[in-house]
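What follows is a set of notes on a single structure, which appears directly below.
FYI, it's all coordinate maths here, none of it is from the lab. Values in this document were obtained by computation on a predicted structure and should not be read as measured data. Ideal geometry is used to build each Cβ from the backbone, glycine not excepted, and the neighbour counts take in all protein chains shown.
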């Protein structure tokens, strides 16, 4: 039974990624569409508050925490496990780190920071908001697919482990 912990770890990481994918998918599917459809100043202000409140959320802890967890699991798997599970775990970590963590850091966060500094009712902000809605959502699609693919990799790894 003590050797079963990698299976449970992969299941937990897969579940965590599934939850993160669900949040991202909600934004891609209807949250951003709704905010963009609202009066620009209203949508902008709502997004500014969402971006400020995310810092006090369980979601942020999970999303950021999965980066070192997937990396550590991949390092462990490559040193101590064998079989196809190692490839699934390694692929999952690579996908998460590039398509979720780095896209968040280099794509969505800089856009959020720029939007946060802008007054919601300003003409320039409304112009940026149109671009923001399109580009931010495209990056969010990448994060959605990345976290869903990572979830699949870790769940397949759990099944592949002896």
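For region 47-85, the set of residues classified as without any contact (Cβ under 8 Å) to a residue 60 or more places away in the chain, surrounded by 15 or more Cβ atoms within 10 Å (Cβ to Cβ) and more than 30 Å from residue 111 (Cα to Cα) consists of 74 only. Has region 91-107 got at least one residue that is part of a helix (DSSP H, G or I), farther than 17 Å from residue 16 by Cβ and in contact (Cβ under 8 Å) with a residue 40 or more places away in the chain? Checked region 91-107: at least one residue is part of a helix (DSSP H, G or I), farther than 17 Å from residue 16 by Cβ and in contact (Cβ under 8 Å) with a residue 40 or more places away in the chain. Would you check if there is a residue in region 102-112 being more than 12 Å from the chain's Cα centre (by Cα), at positive phi and surrounded by fewer than 20 Cβ atoms within 10 Å (Cβ to Cβ)? For region 102-112, residues more than 12 Å from the chain's Cα centre (by Cα), at positive phi and surrounded by fewer than 20 Cβ atoms within 10 Å (Cβ to Cβ): absent. Looking at this structure, is residue 65 in contact with a helix residue (DSSP H, G or I) (Cβ under 9 Å, 6 or more places away or on another chain) and at positive phi? So residue 65 fails the test.
Identify, from the list 13, 7, the residue that is under 27 Å from residue 156 (Cα atoms) and surrounded by fewer than 20 Cβ atoms within 10 Å (Cβ to Cβ). Lay out the reasoning, then the answer.
Details: 13 fails: surrounded by fewer than 20 Cβ atoms within 10 Å (Cβ to Cβ).
Of 13, 7, the one residue that is under 27 Å from residue 156 (Cα atoms) and surrounded by fewer than 20 Cβ atoms within 10 Å (Cβ to Cβ) is 7.
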